[in-house]
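Visitor: Questions regarding the structure given below will be posed in turn.
The values are calculated or read from the model by the stated rules, or taken from the named source; none is laboratory data. Quick caveat: nothing in here was measured; it's all calculated off a predicted structure. Here the Cβ positions follow ideal geometry from the backbone for every residue, glycine too, while neighbour counts run over all protein chains shown.
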Amino acid sequence: MRVDPHDRIGCPGGLDLADPDLYGAGDPHAVWRRLRRWDPVRWQPVGNTSGFWAVTRHADAGAVLTDHARFTSTGGVMLNMLGRPEPAQNQQFAATDPPRHALIRGPLQRQMSTRAVARHAPAIRSSVRAMLRPAAGVFDFADLTASLPLAFLGPLMGIPAADWPDLARWVSMSVAEHDPDVMVPDGPAATLDRGHRELFAYLLNLVLDHRRHPRGDLVDVLAAMPLRAGAVVANCYSLLLGGSAAIPHVPRATVAELVRTGRYADWAGRPERIEQAVEEALRFTSPAGHFMRLATRDTILGGTPIAAGDAVVVWLGSANRDESVFPDADTLDLDRHPNRHLAFGDGRHYCLGAAVARLTLRIFFTELFATFASFELAGDVERVRSTWLGGIKRMPLVGRPR
Ligand code: HEM
């Protein structure tokens, strides 16, 4: 008897990977696990006229991300751009293919290497220490980590601390437009537009200010490129969004899991493992949930024919739990080695901020483990309602300082 793969996926009401409730209230890992097994390159309809190929295995995800000739970034890289023309096409390097991609990324890359970002470590450490002053009673660990991006975006982009609360809200509107905490009354599309407009207006002022008073940071590097003002702002947007949206979710979901499984003390007691801890935290939490490409020609992926122009969405959160690559993939394992996770993507678009994100996370976890001996959960954990941002937005804890 032939078994319908849709039954095996186990969503009788119809599987909808574009439904933000799957990530906010459901269990995407259970769904992804079944997709990896039964339907690893699966067509997901969206409305009556649109849709995308959902890619859930590590090998297929890597194949898409590393082959820009077959899978272009120029049509937008997030699901919220599906079916919309990408206004930043070939202007913003995230939405550009090689060779033009390297023209914009190259000069920024020099300031973002492991060596170059190391000079920001003292500033990052002092911001993290200020953030971690032991809180008495119940506190929200999501609030505590909300300003983590500012620790490096201050030095890298010249963003003042006073602007952070507004920026953080506009970033959330731009990546988690379905979340009720940020959604405007006119709905998700209006929320997205509002977030974009606010950020672009803010960043235009930031660029103009840098032109008057250069500071030797990333914004100056972009402003000095032979690009139109709109393109400079679009690339600043990429840096700000990339730099701020995902990173707080790594410690949140990691600490949630360590508390749930009673292994916080084990991780805190092995500071010599900090590099491995951060890689495993990135794999396990995968806060940047997906990235999109468009097929440039008819092709085959994982045995499935894909037509030119089709959207292909790589689910990084799923690839990073692929049991054929990561034994015991659902366990947060400090001893995991090797750890070929895709949390920062792969290929030419590999995360520009990976070095500063790693540095910041190492500092954050080191300081956290040195400050708190243990945590207890003091209420319900709430997840973000977003197809892109996989993470936690509320997490009441009680911490025992050392
Ligand atoms: C834990 C934190 C982070 C995660 C999980 C993450 C994840 C990713 C991923 C998966 C990509 C690949 C996108 C694609 O293939 O289209 C990417 C690209 C990018 N990230 Fe990150 N990122 C993080 C932190 C940062 C930081 C701190 C910055 C900047 C300071 C940053 C800036 C960027 C930029 C500009 C790109 C586009 C690169 C390109 O298209 O060449 N990210 N990031």
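Visitor: Among all residue pairs at least 6 apart or on different chains, which show Cβ distances below 9 Å where the first residue, located in region 129-154, is part of a strand (DSSP E or B) and the second is among the β-branched types (V, I, T)?
Guide: Listed by first residue and then by second, the contacts come to V138/V398; F139/V398.
Visitor: Could you tell me which of the residues L103, L79, L17, L22 is of a type in the set (A, V, I, L, M, F, W, C) and in contact with a helix residue (DSSP H, G or I) (Cβ under 7 Å, 6 or more places away or on another chain)? Quick ask: steps written out before the conclusion?
Guide: On the way: L103 fails: in contact with a helix residue (DSSP H, G or I) (Cβ under 7 Å, 6 or more places away or on another chain); L79 fails: in contact with a helix residue (DSSP H, G or I) (Cβ under 7 Å, 6 or more places away or on another chain); L17 fails: in contact with a helix residue (DSSP H, G or I) (Cβ under 7 Å, 6 or more places away or on another chain).
It is L22.
Visitor: Still on this structure, please answer the following. Among the residues of region 271-321, which ones are closer than 14 Å to L65 by Cβ and among the charged types (D, E, K, R)?
Guide: R293
Visitor: Take G347 and decide whether it is within 12 Å of the ligand (Cβ to nearest atom), in contact (Cβ under 8 Å) with a residue 40 or more places away in the chain, within 30 Å of R70 (Cα to Cα) and crowded, with 19+ Cβ neighbours inside 10 Å.
Guide: Values: within 12 Å of the ligand (Cβ to nearest atom): yes; in contact (Cβ under 8 Å) with a residue 40 or more places away in the chain: yes; within 30 Å of R70 (Cα to Cα): yes; crowded, with 19+ Cβ neighbours inside 10 Å: no.
Taking the combined requirement at face value, the residue does not satisfy it.
Visitor: Continuing with this model, one more query. So L316 clears everything in (1) under 19 Å from the mean Cα position of the chain (by Cα); (2) under 23 Å from A151 (Cα atoms) except one condition, right? Which one?
Guide: For L316, the exception is condition (2).
Per-residue answers, yes or no, for (1) small (G, A, S); (2) within 16 Å of the ligand (Cβ to nearest atom):
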residue	(1), (2)
V138	no, no
F141	no, no
A161	yes, no
W164	no, yes
A189	yes, no
R197	no, no
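Visitor: Okay, next question. Which numbered condition in (1) away from the ligand (no atom under 13 Å from the Cβ); (2) surrounded by 19 or more Cβ atoms within 10 Å (Cβ to Cβ) is the only one that R297 fails?
Guide: (2)
Visitor: Just checking: which of the helices (runs of 4 or more DSSP H) contained wholly in region 236-310 hold 3 or more residues that are more than 15 Å from F364 (Cα to Cα) and touching a residue at least 40 places away in the same chain (Cβ under 8 Å)? Quick ask: steps written out before the conclusion?
Guide: On the way: elements: 249-261, 264-268, 274-285.
Filter on region 236-310 gives 249-261, 274-285.
Visitor: May I ask you to verify whether T96 is in contact with an Asp or Glu (Cβ under 9 Å, 6 or more places away or on another chain), among the polar types (S, T, N, Q) and within 11 Å of the ligand (Cβ to nearest atom)?
Guide: On the way: in contact with an Asp or Glu (Cβ under 9 Å, 6 or more places away or on another chain): no; among the polar types (S, T, N, Q): yes; within 11 Å of the ligand (Cβ to nearest atom): yes.
The answer is no for T96.
Visitor: Taking the options E275, E280, name whichever one is surrounded by fewer than 21 Cβ atoms within 10 Å (Cβ to Cβ) and under 24 Å from the mean Cα position of the chain (by Cα). Let's see the steps before the verdict.
Guide: Numbers: E280 fails: surrounded by fewer than 21 Cβ atoms within 10 Å (Cβ to Cβ).
When all the criteria are applied, what remains is E275.
Visitor: Here's another thing I want to ask about it. Go over the candidates A355, A329, A256 one by one and state the one that is within 11 Å of the ligand (Cβ to nearest atom), of a type in the set (A, V, I, L, M) and modelled with pLDDT of 95 or more.
Guide: On the way: A329 fails: within 11 Å of the ligand (Cβ to nearest atom); A256 fails: within 11 Å of the ligand (Cβ to nearest atom).
Being within 11 Å of the ligand (Cβ to nearest atom), of a type in the set (A, V, I, L, M) and modelled with pLDDT of 95 or more holds for just one of A355, A329, A256, which is A355.
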